[in-house]
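One structure is given below, encoded as structure tokens.
The values are calculated or read from the model by the stated rules, or taken from the named source; none is laboratory data. All values derive from a computational prediction rather than experimental measurement. Every residue, glycine as well, gets a Cβ built from its backbone with ideal geometry; the counts of neighbours run over all protein chains shown. Heads up: the accessible areas ignore ligands, DNA and RNA and are worked out on the full protein's heavy atoms, side chains in. Shrake-Rupley method; radii C 1.70, N 1.55, O 1.52, S 1.80 Å.
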Amino acid sequence: MEENNIPKVYDPQSFEKKWYKFWEENKLFHAEVEKDKQPYSIVIPPPNVTGQLHMGHAMDNTLQDILIRWRRMQGYNTLWMPGCDHAGIATQAKVEEALRKEGKSRYDLGRDKFLERVWDWKEEFGSRIMGQLRSLGSSCDWDRERFTMDEGCSHAVREVFVSLYEKGLIYQGTRITNWCPRCNTAISDIEVDHETEAGHLYHLRYQIEGTDEYVQIATTRPETMFGDTGVAVHPEDARYIHSIGKTLILPMVDRKIPLFADEYVDPAFGTGAVKVTPAHDPNDFEMGQRHDLEQIKVINNDGTMAESTGKYAGLDRYECRKQLLAELKASGHLVKVEDHEHAVGHCSRCHTTVEPLVSKQWFVKMESLAKPAIEAVTSGKIQFVPERFTKIYINWLENIRDWCISRQLWWGHRIPAWYCEDCGETIVSRRDIDTCPKCGRQHLRQDEDVLDTWFSSGLWPFETMGWPENTEELKQFYPTSVLVTGYDIIFFWVARMVMMGLEFGKDIPFKHVFIHGLVRDSQGRKMSKSLGNGIDPVEVIDKYGADTLRFMLITGNTPGNDMRFYWERVEATRNFANKLWNASRFMLMNLEGFDKNFVPQAADYTLADQWILSRYAKTVQAVTDNLENFELGEAGRTIYEFIWNEFCDWYIELAKARLYDVENARPRQTAQYVLGYVLERTLRLLHPFMPFITEEIWQHIPHEGQSIMVATWPANENAKWDDAAEIHMTAIMETIKTIRNMRAEVNAAPSKKSEVILHFAEEKLQAVFDANVGYLTVLASALPVTTLAATAAKPENAMAAVVSGIEVYLPLKGLIDVDKETARLTKELENLDKEIKRLVGKLSNAGFIAKAPADVVEKEREKQQGYEEKRTAVQARLQYLATL
Ligand SMILES: [Zn+2]
Ligand SMILES: [Zn+2]
């Protein structure tokens, strides 16, 4: 068999690409609609088209691949739908950055040329992350790869937009929205990061017309005063009751504005009077609506001051603030300046301070869409794993605001709305149009804006299956089985998919939402570019192989919690792969005479066989249960323990005697059979986690079928459960460990056999030991093994221990070289005496006791005590040696 063996050294680079190619070429990832098979489907969270694989993706996709590979082996008709997202703002920003290096802006190119550049960019970099997902081993159905701006998705987006519009759920409104002056676009509430900043509260005074009286207001953004169209007070605020309805003179511009009352005003804040700037503050906007105030826009979309601010026009908003404050101070309108901490919104993409601005935008009415989405989760139709994320989801949906879906970008789905320049009609249409249906003329202008990226990704689970056509794919694979994603996009994405799925897919988009945490660095920090602490998964794959990366990520992970990345764990996982490799290689070297038709009789099995088969069968059950419960990390750890501790460290050792005994065919074949049976099936259990190494080994060992990835998942093995064999084998293994420890303690040469005397409390166990005494001889050099009768006296001059209710005695006579051991122990005793003397001196030093911290003193005391105990033991040993 040697020529068919796997190479000596585990080298993942030598086979990972080979097997991926094999799987893909043989269409093993591909799913066809098969109505009689039970479906299991996952849609990939589409990564950004120009992105690259980061540790979060590596984990997210490993989790999905484990579920998909496992269910595929269980016989489900599995579909893992891959694809990527056009990622509007992120992709556009990258192309604009490249243009900037050429000294150009998107406006220099114009819309069409610019979009050509983005598509070129997409073609050039768009496949990189898909290649990286392949190197990770992801078993996606690449024949079905999708893109959120491909023809089918564009069709779905258009259909959803128009039909929401027709239902009255999409409307155009002049609203105050968060505006990023740098990205030059409206952004949604969840794209704004609020951070507390140290700022100032400026107290200004506005004169009451025709009097010498002033009303004092406080603001954090004085430059917005140009847009003030009123000052509000609480209706019951005694300080102002007599002034309500009077007119104020706005300084600098001398405009007349009303002093009015509104319940919204908190009389306890500042002076109880607030300036109202409807065009630049969401609350003021609402008040302005209630009191019919004018909206005056004073800050431009790019963050400079507008024409309406007169001489400040064109100045940056912060420069304007500086100059304006100087003038207000000079004119006596600035009363005082206080330090003030307040929350300031920042663009989550570029970190620029967000400016609330009034603009015309498209919105989706959320209330009626949110209700069924809440219901789907409270009724249990959709389940979050772990369950605690349910609350976050529901809470968000219960407090949802209308969703601003228009973005002032060019890269994305253009809004299918046209404006007639002749009659003013707005037309929303499924098809591009050039004639106004109202006036019949052809002066139509399409809305310049595109849709928020999350609009198309919200349709992902059904648009990828061919919706709005009622395709066979939709019928078989929708709703999908599970969505795997990080907790950071529950709002952005998960909630929207549920709403859109229920509204248009006519069903929930997925049954489970499996939430995982972030991969952090070894110190628990988020991996980020600015910290420079990111670890490139591709680098880990190149160095250690994808199997190691996958297994490390999964076993370091519990559902919903963040994990830390340690290189030590990568090394340890590689060692595990090595261990499995070497064990497999060992088995392959000992398959001479292997007969694939040989099946042992019950009587052929040794205790070790029964034990490993039982342990294997229980591992099958535990791993399957864990996977059912989304405890993927626990499943991985269970397989690891079984392979490392039980199969490699014990069973292979226990089987060696029979494998090496060429004279006795039947015991040898039985050992080969059990080794092969357990290894081949354990590889299947491990396959979803470590697909490459399992395929490589599996193809070399006796197996049936084309590939391990389509072998069946081990099941129905419970008949092999054998508690008695486990108890008995455990007692034997514990005894072996005890004897080994005792021998190590006296430095017995490994090759030196020596007598072991056992005393059993239970007769039954004695019979088990009698029948399996060979294990003690082979693995603990115990020869002869004798049994002490219940009534016999305890052996003298022997080391003793009790384990599993068995007394174990190791007579030392003949086992060790008395002179050498005496010399060694005498030396050790001297050292111990020295150490104890030193510590006694230290601990009786009043200065040390007074100065050293209590825990240091305590540690030294413990040390002393430990040495003394050791000294007593060494002395006893020496006394004993003297008797030999
Ligand atoms: Zn921005
Ligand atoms: Zn018209």
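Once the 1.4 Å probe is applied to the protein heavy atoms, the range 527-579 comes out at 42 Å² accessible per residue.
Please give the peptides 760-771, 609-620, 348-359 ranked by average Cβ packing (other Cβ atoms within 10 Å per residue), highest first, as a rough proxy for protection.
On the way: 760-771: 14.2, 609-620: 22.7, 348-359: 17.9.
Highest-to-lowest ranking by the protection proxy: 609-620, 348-359, 760-771.
With coordinates expressed along the principal axes, the C-alpha atoms belonging to the chain extend over 119, 82, 53 Å, beginning with the largest. With 30 Å as the limit, the listed pairs Lys104/Lys365; Lys101/Lys529; Lys360/Lys526; Lys737/Lys863; Lys827/Lys863; Lys753/Lys820 have Lys104/Lys365; Lys360/Lys526 beyond it between alpha carbons. With every protein chain in place and a 1.4 angstrom probe, the accessible-area ranking of Arg106, Arg431, Arg111, largest first, reads Arg431, Arg111, Arg106. For the pair Ala343 and Ile249 in one chain, pulling the backbone fully straight at 0.36 nm per residue adds 30.9 nm over the alpha carbon distance. The residues of the range 165-298 expose on average 44 square angstrom of accessible surface per residue, using a 1.4 Å probe on protein heavy atoms. Could you look at the range 475-544 and say what percent of its accessible area is carbon and sulfur, using a 1.4 Å probe and all protein chains? Ligands and nucleic acids excluded, carbon and sulfur reach 51 percent. Modelled spin labels at Asp507 and Arg525, positioned 7 Å past Cα toward Cβ, are 4.7 nm from each other.
Backbone amide hydrogens, once placed in the peptide plane, bring Val803 within less than 5 Å of Val808, excluding anything fewer than 5 places away on its chain. Using a probe of 1.4 Å on the protein chains alone, the accessible area found for Glu236 is around 140 Å².
Work out the FRET efficiency for Thr558 and Val9 from their Cβ-Cβ distance, taking R0 = 30 Å, and round it to the nearest 0.05.
Values: r = 33 Å, r/R0 = 1.11.
Here the calculated transfer efficiency is 0.35.
How much of the accessible area of the range 586-626, probe 1.4 Å, is carbon plus sulfur, in whole percent? Could the numbers behind the result be given before it?
Values: 820 of 1740 Å².
Looking at the range 586-626 in its full context, I get 47 percent from C and S.
Tally Lys/Arg at +1 and Asp/Glu at -1 over every other residue whose Cβ is under 10 Å from the Cβ of Phe692; what's the total?
Net charge in that neighbourhood comes out at -1.
Most tightly packed first, judged by the mean number of other beta-carbon atoms within 10 Å of their residues, the peptides 551-560, 384-393, 694-703 read 551-560, 694-703, 384-393. Of the residues Cys423, Tyr40, Asn26, the one whose Cα sits farthest towards the positive end of the charge dipole of the chain is Asn26 (charges of +1 on Lys and Arg Cβ, -1 on Asp and Glu Cβ, taken about the Cα centre).
For the chain, what is the calculated [θ] at 222 nm in deg cm²/dmol (nearest 500), taking -39500 (n - 2.57) for each run of four or more DSSP H residues and dividing by its residue count?
Numbers: 29 runs with 368 residues, N = 884.
The per-residue figure over the chain is -13000 deg cm²/dmol.
Cross-link partners of Lys475 among lysines, defined as those whose alpha carbon lies under 27 angstrom from its own and excluding same-chain residues fewer than eight positions apart: Lys27, Lys35, Lys37, Lys167, Lys371, Lys381, Lys506, Lys511.
Taking K and R as +1 and D and E as -1, what net charge do the other residues with C-beta under 12 Å from the C-beta of Trp493 add up to? Intermediate values should be presented prior to the final figure.
Numbers: positive: Arg496; negative: Asp85, Asp452, Asp488.
The answer is -2.
Summarising the amide proton neighbourhood of Asn77: residues at separation of 5 or more, or on other chains, whose placed amide H is nearer than 5 Å comprise Gln38, Tyr40.
Taking the accessible area of the range 154-200, probe 1.4 Å, and keeping the other protein chains in place, the carbon and sulfur fraction comes to 44%. Its Cα centre serving as origin, the chain has a Cβ charge dipole (Lys and Arg +1, Asp and Glu -1) of approximately 1580 debye.
Please report, in debye to the nearest 20, how large the charge dipole of the range 578-622 is about its Cα centre when each Lys and Arg carries +1 at its beta carbon and each Asp and Glu carries -1 there.
Values: 5 positive and 4 negative charges, 63 e Å.
Result for the range 578-622 is approximately 300 debye, rounded to the nearest 20.
How much length, in nm to one decimal, is gained on full extension between Tyr566 and Ala800, taken as 0.36 nm per residue of separation minus their Cα-Cα distance?
Working: separation 234, 0.36 × 234 = 84.24 nm, distance 4.17 nm.
Full extension from Tyr566 to Ala800 adds 80.1 nm.
What's the magnitude of the charge dipole for the range 318-461 around its Cα centre, counting Lys and Arg as +1 and Asp and Glu as -1 at the beta-carbon? Answer in Debye, nearest 20. It would help to have the intermediate numbers written out before the result.
Numbers: 19 positive and 20 negative charges, 52 e Å.
Once rounded to the nearest 20, the dipole reads 260 debye.
In summary, the lysines within cross-link reach of Lys275, defined as a Cα separation below 17 angstrom excluding same-chain residues under 8 places away, comprise Lys246, Lys256, Lys297, Lys336. Heavy-atom accessible area with a 1.4 Å probe sorts Tyr264, Tyr673, largest first, into Tyr264, Tyr673.
The 3J(HN,Hα) values that the Karplus relation (6.51, -1.76, 1.60; θ = phi - 60°) gives for the range 499-507 are, in residue order, 4, 5, x, 5, 6, 10, x, 6, 6 Hz. Gly and Pro appear as x. Each of Tyr393, Ser127, Val231 was scored by the projection of its Cα onto the charge dipole of the chain, and the greatest displacement toward the positive side belongs to Ser127; charges sit on the C-beta of Lys, Arg, Asp and Glu. Peptides 10-18, 407-415 ranked from most to least packed, by the mean per-residue count of other Cβ atoms within 10 Å: 407-415, 10-18. For the pair the range 277-342 and the range 758-827, the centres of their Cα atoms are 91 angstrom apart.
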